[in-house]
Amino acid sequence: LTGVLDDCLCDIESIDDFNTFKIFPKIQKLQERDYFRYYKVNLKRPCPFWADDGHCSIKDCHVEPCPESKIPVGIKAGSANKYSKAANHSKELEDCEQANKLGAVNSTLSNQSKEAFIDWARYDDSQDHFCELDDERSPDAQYVDLLLNPERYTGYKGPSAWRVWNSIYEENCFKPRSVYRPLNPLAPSRGGLAFVCLFFWTGLCLEKRVFYKLISGLHASINLHLCANYLLEETWGKPRWGPNVKEFTRRFDPVETKGEGPRRLKNLYFLYLIELRALSKVAPYFERSVVDLYTGNGHEDAESKALLLDIFRDTKSFHMHFDEKSMFAGDKKGAKSLKEEFRLHFKNISRIMDCVGCDKCRLWGKLQTQGLGTALKILFSEKEIQSLPENSPSKGFQLTRQEIVALVNAFGRLSTSIRELQNFKVLLQQTR
């Protein structure tokens, strides 16, 4: 897999080198930090589009929620207060005072935090999101330790998995209607997550081509994770996970996939570029002193922010970014309509994630979809980001903690995919 990607002026070799030597080691460390390892998610939301097929009964589909006692108190306080307009009143204030007595909350930040909580609530009420966000106040929403629930092959496949991807591609992807080709649930599944066939781009504008590539790239990335972290054997209750070259070949080999495998992987690189661009664009938001990756541990919080800013510096140093200014650049009325259609299509895909029957697949599907949705939100908010106030919470652009965690972990998954692709290249050479 070599050469220049379509719709941008970037070559695959440059991305490989940049990811391997600059991004991958740092993003791995960042994901291990408390701020980014705990993700609050509702895995019990009903599927809004069809009758529930029932949850996967395979043990590897299970997600172990994190006990409340393990969650850093700063994260719990942030999630509870962020959406409350009365964050500085009554019981919440008493909780803060109690936490202060225990040394868990830095009292010098309280007034600033209260102002931020009100702004967050106001902004969240009015903001048009690209994703259907979970209600963190729901009793069904639970914290999950992402490090203890890694994304890997679970055995989830068949009609339920087929229906999810078929709905995403056939009902929510832009493509010429004349080449409608549904995925066949009766065909050999190649591991249960079959790909949609190639569509011709004749007459399809840049924005719609980009949308399809983003979804295809996300699908390719997920399949790469499953191939790289596959259950190879389970003896005496000790499972062994690792790369499965045969499974990788089935999903991506040019002969096995009738030439589609390399195209899917190119879409993975394209998605990487999109999210990389979003990280470089959102850097000013985090560079402000008012933004703190707050967990309650001052030393770790400072280190986490320093590492995040270091990654931002690396993203800015990359010289072959995708130029999002080329999107929605037509007449204002048409561009606005297309952008709204783009947003609604993607929001619908985020809702489909609640139809995934495997809890672990649902967890990582929701997180990576929200991460991409956050990246799109950033790319379409450049003016608001550029006008952020330095020393006070922003009124025009805001990211919730959930969006920040999803953004970083979703990009971390893409970085891992590209790194794993290098590993598979070596393994394939060894088998020849």
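Quick notes on this structure:
- Some residue of segment 119-141 being exposed (fewer than 15 other Cβ atoms within 10 Å of the Cβ), outside any loop (DSSP other than H, G, I, E, B) and at pLDDT 55 or above: no
- Condition check for Lys208: more than 25 Å from Phe312 (Cα to Cα) and either among the basic types (Lys, Arg) or touching a residue at least 24 places away in the same chain (Cβ under 8 Å) (or both): yes
- Within segment 228-249, tally of residues that are in contact with a strand residue (DSSP E or B) (Cβ under 8 Å, 6 or more places away or on another chain), modelled with pLDDT of 90 or more and among the charged types (D, E, K, R): 1
- Yes/no for Leu427 being part of a helix (DSSP H, G or I) and modelled with pLDDT under 90: no
- Scan of segment 312-346 for residues that are modelled with pLDDT of 85 or more and assigned to a helix (DSSP H, G or I), ordered by number: Phe312, Arg313, Asp314, Thr315, Lys316, Ser317
To keep it simple, each residue is scored yes or no on (1) assigned to a helix (DSSP H, G or I); (2) open to solvent by 50 Å² or more (accessible area, probe 1.4 Å); (3) not aromatic (Phe, Trp, Tyr).
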{"site": "Arg240", "(1), (2), (3)": "no, yes, yes"}
{"site": "Val255", "(1), (2), (3)": "no, yes, yes"}
{"site": "Asn267", "(1), (2), (3)": "yes, no, yes"}
{"site": "Leu271", "(1), (2), (3)": "yes, no, yes"}
{"site": "Ala283", "(1), (2), (3)": "yes, no, yes"}
{"site": "Ser289", "(1), (2), (3)": "no, yes, yes"}
{"site": "Gly296", "(1), (2), (3)": "no, no, yes"}
{"site": "Lys305", "(1), (2), (3)": "yes, no, yes"}
{"site": "Asp310", "(1), (2), (3)": "yes, no, yes"}
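- Unique residue being β-branched (Val, Ile, Thr) and over 21 Å from Leu293 (Cα atoms) when the list is Ile385, Ile418: Ile418
The values are calculated or read from the model by the stated rules, or taken from the named source; none is laboratory data. This is a predicted model, so every value here is computed, not measured. All Cβ positions, glycine included, derive from the backbone under ideal geometry; neighbour counts span all protein chains shown. Just so you know, the surface numbers come from the protein's heavy atoms only, side chains and all, with ligands and any DNA or RNA stripped out. Shrake-Rupley method; radii C 1.70, N 1.55, O 1.52, S 1.80 Å.
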